[in-house]
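Reading through the structure tokens given below for one structure.
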Amino acid sequence: MTRILESTRRGTAGSLGCGVAAALALAVALYGFPAFAQEICPATPGELTTALLNEDAAARTEAAECFIEEAALFDYPDLKQVVNTMLRDESPDVRFFGLLTLSASTWGGLTTGSDLRNEKAKIMQILNEDPVPRNKAAAAAIIGAMDPIPMNQAEGPLLDLLAHSDTKVVNAALGALLSFDPPPEEQISQALMGMTAHSDQYHRSVALKGLGRLYRDDPSIDPAVIEALVLALSDDDRLVQWQAANSLWTFGPQASSAVPDLQAIVWDPKQPPEVRKVAQEAVESITGEPIKPPWLTGETPPPEPGMAGAPE
């Protein structure tokens, strides 16, 4: 028996299922749901390696996609050989499924120390040079799950990816950076603060979510961060509004300066219901007191300014 984990090799379906489920979740997030090949997957490392040497890219992709389901059953040396073949393939799809294989095989639990030196180098090359956004995103996700994380090599490239045009890449890079202990808070904050004014609403939303995650357990939040989230409450996009309110909710009492703006949303019937709801939850999280505007239940209209119960 080689170094592959007993719990993965024999252990069982629960562990194997979790690995495959994680890989599938990553695939759906980055690529859409994979249409797994209906043919029987190659049953041995030799058969799979042969399939991956096929001149037809579609055939190689089919084998690579199929391999996700078989990866956890391969011994470690065979797994390394096959994955290395996939990561070096000229087809971006094969490279992508090679990265997903690392998730499906609970790769982080298979090795420690320098065992992943060659694989880390190839994953970093994909992160830096691969032209396909989903491959960059998958590489970032793998780096964030590594133990130990290659912080010295990965921090700079991941920070650069926070400015990427594809929000899936930004999300994955952010997740990897936040997995560092400690994360490079100042650099992440600077990048995300700049992104709050991005022309694309999805980038703005990712930035606001990232600020919430970055400062969630921080005992002292920069007032400029609170100001940026408050400004986003008046955004034209409801997703951006919702994310701003949700991040303020995570800050609790430290976001007390945002209460008037959040209250204004709660009492504004023109605001989207889901935004009013999260704004209400944010006020309650910040103040520690429940608020139940009667109009939310349809009983009465919102109070006029100056009336009892109206926001200041």
Restricted to segment 224-253 and to residues being crowded, with 20+ Cβ neighbours inside 10 Å and among the β-branched types (Val, Ile, Thr), the residue nearest to the chain's Cα centre (by Cα) is VAL240
In segment 158-172, anything in a helix (DSSP H, G or I) and closer than 14 Å to PRO133 by Cβ is listed as ASP160, LEU161, THR167, LYS168, VAL169, VAL170, ASN171, ALA172
Checking ILE188, ILE221 in turn, the sole residue that is modelled with pLDDT of 95 or more, crowded, with 17+ Cβ neighbours inside 10 Å and hydrophobic (A, V, I, L, M, F, W, C) turns out to be ILE188
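Which one of these is surrounded by 24 or more Cβ atoms within 10 Å (Cβ to Cβ) and at pLDDT below 95: ALA173, ALA145, ALA139?
Just a single option satisfies the conditions, and that option is ALA139.
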Identify, please: which residue in segment 54-72 is part of a loop (DSSP other than H, G, I, E, B) and modelled with pLDDT under 90 and is, among those, nearest to PRO42 (Cα to Cα)?
GLU70
Per-region count, segment 148-160, residues at pLDDT 95 or above and either crowded, with 24+ Cβ neighbours inside 10 Å or among the β-branched types (Val, Ile, Thr) (or both):
1
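The values are calculated or read from the model by the stated rules, or taken from the named source; none is laboratory data. In this text, all values refer to a predicted model and were calculated from it rather than measured experimentally. Heads up, the Cβs are rebuilt from the backbone with ideal geometry, glycines too, and the neighbour counts pull from every protein chain shown.
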